[in-house]
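K.L.:
Take this structure first; my questions come after.
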There are 2 protein chains.
Amino acid sequence: MVTIGRKEREKQEREAKILQLARGMLSDAGYLGLSMDRIATQMEYSKGTIYQHFQNKEEIILALANEALEKRLEMFEIAATWSGASCSRDRMAAIGAAAERFVEKYPQHFGVEQIVRSASIWEKTSEERRHIMHTCEGRCMQIVGGIVRDGLAHGDLELPASRSAEDVVFGMWSLNFGAYTIVTSSESLEEIGILNPIAALRHNQNLMLDGYNWRPLYNEKNYDATMDQVKTEVFGDE
Amino acid sequence: MVTIGRKEREKQEREAKILQLARGMLSDAGYLGLSMDRIATQMEYSKGTIYQHFQNKEEIILALANEALEKRLEMFEIAATWSGASCSRDRMAAIGAAAERFVEKYPQHFGVEQIVRSASIWEKTSEERRHIMHTCEGRCMQIVGGIVRDGLAHGDLELPASRSAEDVVFGMWSLNFGAYTIVTSSESLEEIGILNPIAALRHNQNLMLDGYNWRPLYNEKNYDATMDQVKTEVFGDE
DNA sequence: TCAAAAAATGACGATGTGTCAATAATGGAA
DNA sequence: TTCCATTATTGACACATCGTCATTTTTTGA
């Protein structure tokens, strides 16, 4: 049926529009800035109609988080399969570049990721959407974990008996998420002596990978150049 | 005047009671769970009286954050001056142990630190309390930074020209904050292969410090034992 | 004992969430 | 085309919450 197609399409479009408005409100003024009434007003629909798309406010936030994670996933996938990589550690550097680009290019997405991790919204959300989120997170993990396992298989790095490939990913993840959280939430880092946090983050990540003996080591190869290259060549579109 | 003393004391006690109730609500159900009405009811005072102590909800949260930071600061100070340290890196390990113990012992405090970093509460809060927060943060930085500078002075580690002592602290801070945020917000880390995140965190931190060539290196000295020692000997009180 | 100062109260306006009975629009059968 | 069943939309409503402030109660000190 043609009409069913149109209806379905309109529904999708409205849903996208809701999420777009919600994203703006959320990044402007946080959890409280996101108002169902204001979404309804700006959509020129009544509140009841909005509630037919999303059971509640938390579902909207979780939907935004899923969009964010999907975008991150997409960028990680591109980075992981970057054809310019000449070793497993290059691919890891490409992931780092993708993570940087993700925050720079979609700061709102990153903001949602942060909100979801701190605000207690989980009780009110649907099992289905929580599952999507969980799956996305797992797939992100798989991609980066895959690079580590490739490196292990090629003998590019070694792990102590007590550590798994996932622990390496956890390290990168922690370092990256922590650093960006601090950067975005702490004004005047300069004042306390952190002049270039992103450069410091890169450095610290590389030192950690060096710790796993992931060859070529940081002093053997300029991974900063690699990351810059990936950022411009692969994710350079403004 | 005796009466002035009593009044002042009562005011302090009430304030402490408010914060205590608020802390419970906040950690139970997040930002929304903290209700001024419910605080008033449970205090057996009217709402207006609560508002004589704190201008608004955000001020309460910021006050809680200051308590948390002060506690962290106190523990870091104890760790930094630990008499059992036999080298600068031992003292750094002691800071790591303090950070671990802080989260274990005061999970609510850590929860507040997270909320403050993500919820946009800053606009409504007073300059004064923001300043306290900023100062605490700076002093935490100073303590850990001091250990790094001591290490540099003793020739225990070296820095590349482009990195400052604060960048090392930033690395430890990011790694620790990121790891604990992920751990507390992501159920079923086991499912994605991270079996012992805290052990992984320790390992990753040590690898990072090794990257700065902070001697004795991780494979030369068992810093896990050092941290366990600090945790039981210095912060062992249950 | 009493009046001025200080403290406490809670009704109130504003804003927000989520519901649901009532209304409008739509689609297809006769 | 007409008409009715189904679906979509509406917005008033009940309820919760924040922060205010005129009013009431308590305290203080002369």
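The values are calculated or read from the model by the stated rules, or taken from the named source; none is laboratory data. Please read all numbers here as calculations on a predicted model, not as lab measurements. Every residue, glycine as well, gets a Cβ built from its backbone with ideal geometry; the counts of neighbours run over all protein chains shown.
K.L.:
What single numbered condition from (1) away from DNA strand C (no atom under 13 Å from the Cβ); (2) away from chain A (no Cβ under 13 Å); (3) under 25 Å from the mean Cα position of the chain (by Cα) fails to hold for B:Gly30?
P.N.:
With (1) away from DNA strand C (no atom under 13 Å from the Cβ); (2) away from chain A (no Cβ under 13 Å); (3) under 25 Å from the mean Cα position of the chain (by Cα) applied to B:Gly30, the lone miss is (2).
K.L.:
Follow-up. Looking at (1) under 23 Å from B:Gly96 (Cβ atoms); (2) within 14 Å of DNA strand D (Cβ to nearest atom), can you tell me which one B:Ala85 breaks?
P.N.:
(2)
K.L.:
Here's another thing I want to ask about it. From the list B:Asp224, B:Asp237, exactly one residue is farther than 21 Å from A:Gln205 by Cβ, within 14 Å of chain A (Cβ to nearest Cβ) and surrounded by fewer than 23 Cβ atoms within 10 Å (Cβ to Cβ). Which is it? Even if it seems obvious, please write down each step before you answer.
P.N.:
Details: B:Asp237 fails: within 14 Å of chain A (Cβ to nearest Cβ).
Within the list B:Asp224, B:Asp237, the selection yields B:Asp224.
K.L.:
With the requirement that a residue be within 15 Å of the chain's Cα centre (by Cα) and more than 9 Å from chain A (Cβ to nearest Cβ), what does region B:123-137 give you?
P.N.:
Keep residues of region B:123-137 that are within 15 Å of the chain's Cα centre (by Cα), which gives B:132-137.
If the condition is that a residue be within 15 Å of the chain's Cα centre (by Cα) and more than 9 Å from chain A (Cβ to nearest Cβ), then B:Ile132, B:Met133, B:Thr135, B:Cys136 are the ones that fit.
K.L.:
Something else: Does any residue in region A:107-122 that is more than 10 Å from A:Ala68 (Cβ to Cβ) and facing chain B (nearest Cβ under 10 Å) come within less than 6 Å, Cβ to Cβ, of a residue that is of a type in the set (Phe, Trp, Tyr) and assigned to a helix (DSSP H, G or I) six or more places away or on a different chain, and which pairs are these?
P.N.:
A:Ala119/A:Tyr31
K.L.:
Which one of these does B:Lys11 not meet: (1) touching a His at 6+ places or on another chain (Cβ under 8 Å); (2) closer than 20 Å to A:Ile121 by Cβ; (3) not β-branched (Val, Ile, Thr)?
P.N.:
Here B:Lys11 meets the rest and fails (2).
K.L.:
Another question about this same structure. For A:Ala98, which of the numbered conditions (1) in contact with a Phe, Trp or Tyr (Cβ under 6 Å, 6 or more places away or on another chain); (2) more than 21 Å from B:Thr184 (Cβ to Cβ); (3) within 14 Å of chain B (Cβ to nearest Cβ); (4) of a type outside the set (Asp, Glu) fails to hold?
P.N.:
Tallying (1) in contact with a Phe, Trp or Tyr (Cβ under 6 Å, 6 or more places away or on another chain); (2) more than 21 Å from B:Thr184 (Cβ to Cβ); (3) within 14 Å of chain B (Cβ to nearest Cβ); (4) of a type outside the set (Asp, Glu), A:Ala98 fails exactly one: (3).
K.L.:
Looking at region B:206-214, is at least one residue touching a residue at least 40 places away in the same chain (Cβ under 8 Å), more than 10 Å from chain A (Cβ to nearest Cβ) and surrounded by fewer than 21 Cβ atoms within 10 Å (Cβ to Cβ)?
P.N.:
No, that holds for no residue.
K.L.:
Considering only region A:33-44, state which residues are within 12 Å of DNA strand C (Cβ to nearest atom) and of a type in the set (Asp, Glu).
P.N.:
Scanning region A:33-44 gives a single hit, A:Asp37.
K.L.:
Name the residues in region B:142-160 that are in a helix (DSSP H, G or I), within 13 Å of chain A (Cβ to nearest Cβ) and out of contact with any Asp or Glu (no Cβ under 7 Å at 6 or more places or on another chain), would you? Let's see the steps before the verdict.
P.N.:
Start the filter on region B:142-160 by keeping residues that are in a helix (DSSP H, G or I), which leaves B:142-153.
Narrowing the set further to residues that are within 13 Å of chain A (Cβ to nearest Cβ) leaves B:142-146, B:148-149.
Residues satisfying the conditions are B:Gln142, B:Val144, B:Gly146, B:Val148, B:Arg149.
K.L.:
So which helices (runs of 4 or more DSSP H) stay within region A:1-93 end to end and still have 1 or more residues that are at pLDDT below 95 and among the hydroxyl-bearing types (Ser, Thr, Tyr)? First the steps, then the outcome.
P.N.:
Details: elements: A:2-33, A:36-43, A:47-53, A:57-80.
So the answer is A:2-33.
K.L.:
Can I ask one more? Check A:Asn56 against each of (1) under 25 Å from the mean Cα position of the chain (by Cα); (2) within 22 Å of A:Lys124 (Cα to Cα); (3) crowded, with 16+ Cβ neighbours inside 10 Å and name the one condition it does not meet.
P.N.:
Unmet for A:Asn56, out of (1) under 25 Å from the mean Cα position of the chain (by Cα); (2) within 22 Å of A:Lys124 (Cα to Cα); (3) crowded, with 16+ Cβ neighbours inside 10 Å: (3).
For every residue, the table says whether it meets (1) without any contact (Cβ under 8 Å) to a residue 60 or more places away in the chain; (2) in contact with a Phe, Trp or Tyr (Cβ under 8 Å, 6 or more places away or on another chain); (3) surrounded by 20 or more Cβ atoms within 10 Å (Cβ to Cβ); (4) over 30 Å from A:Val234 (Cβ atoms).
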| residue | (1), (2), (3), (4) |
| --- | --- |
| A:Leu26 | no, no, yes, no |
| A:Ile39 | yes, no, yes, yes |
| A:Tyr45 | yes, no, no, yes |
| A:Thr49 | yes, no, no, yes |
| A:Ile60 | yes, yes, yes, yes |
| A:Ala68 | yes, yes, yes, no |
| A:Thr81 | yes, no, no, no |
| A:Arg89 | no, yes, yes, no |
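K.L.:
With respect to A:Leu73, is the statement that it is more than 14 Å from the chain's Cα centre (by Cα) and of a type in the set (A, V, I, L, M) true? Lay out the reasoning, then the answer.
P.N.:
Details: more than 14 Å from the chain's Cα centre (by Cα): no; of a type in the set (A, V, I, L, M): yes.
In short, no.
K.L.:
Limited to region B:156-171, what total is found for residues that are in contact (Cβ under 8 Å) with a residue 60 or more places away in the chain and not acidic (Asp, Glu)? Show your work before the answer.
P.N.:
Pass one, region B:156-171, residues in contact (Cβ under 8 Å) with a residue 60 or more places away in the chain: B:156-157.
From what's left, not acidic (Asp, Glu): B:157.
Here the count works out to 1.
K.L.:
Look through region A:15-27, keep the residues that are within 12 Å of DNA strand C (Cβ to nearest atom) and within 14 Å of another protein chain (Cβ to nearest Cβ), and return whichever of them is nearest to A:Glu123 (Cα to Cα).
P.N.:
Per the stated criteria, the residue is A:Leu26.
K.L.:
Now a separate question. Does B:Lys47 count as more than 20 Å from B:Trp122 (Cα to Cα) and either acidic (Asp, Glu) or within 16 Å of DNA strand C (Cβ to nearest atom) (or both)?
P.N.:
Details: more than 20 Å from B:Trp122 (Cα to Cα): yes; either acidic (Asp, Glu) or within 16 Å of DNA strand C (Cβ to nearest atom) (or both): yes.
Yes, satisfied.
K.L.:
For the condition over 24 Å from the mean Cα position of the chain (by Cα) and assigned to a helix (DSSP H, G or I), what is the one hit in B:Glu191, B:Glu220, B:Glu166? Spell out the reasoning first.
P.N.:
On the way: B:Glu220 fails: assigned to a helix (DSSP H, G or I); B:Glu166 fails: over 24 Å from the mean Cα position of the chain (by Cα).
That would be B:Glu191, the only listed residue that is over 24 Å from the mean Cα position of the chain (by Cα) and assigned to a helix (DSSP H, G or I).
K.L.:
Mind checking whether some residue in region A:171-183 is in a helix (DSSP H, G or I), more than 11 Å from every other protein chain (Cβ to nearest Cβ) and surrounded by 16 or more Cβ atoms within 10 Å (Cβ to Cβ)?
P.N.:
Kept after step one, since they are in a helix (DSSP H, G or I), are these residues of region A:171-183: A:171-183.
Add one more test, that the residue is more than 11 Å from every other protein chain (Cβ to nearest Cβ), and what stays is none.
No, every residue in region A:171-183 fails to be in a helix (DSSP H, G or I), more than 11 Å from every other protein chain (Cβ to nearest Cβ) and surrounded by 16 or more Cβ atoms within 10 Å (Cβ to Cβ).
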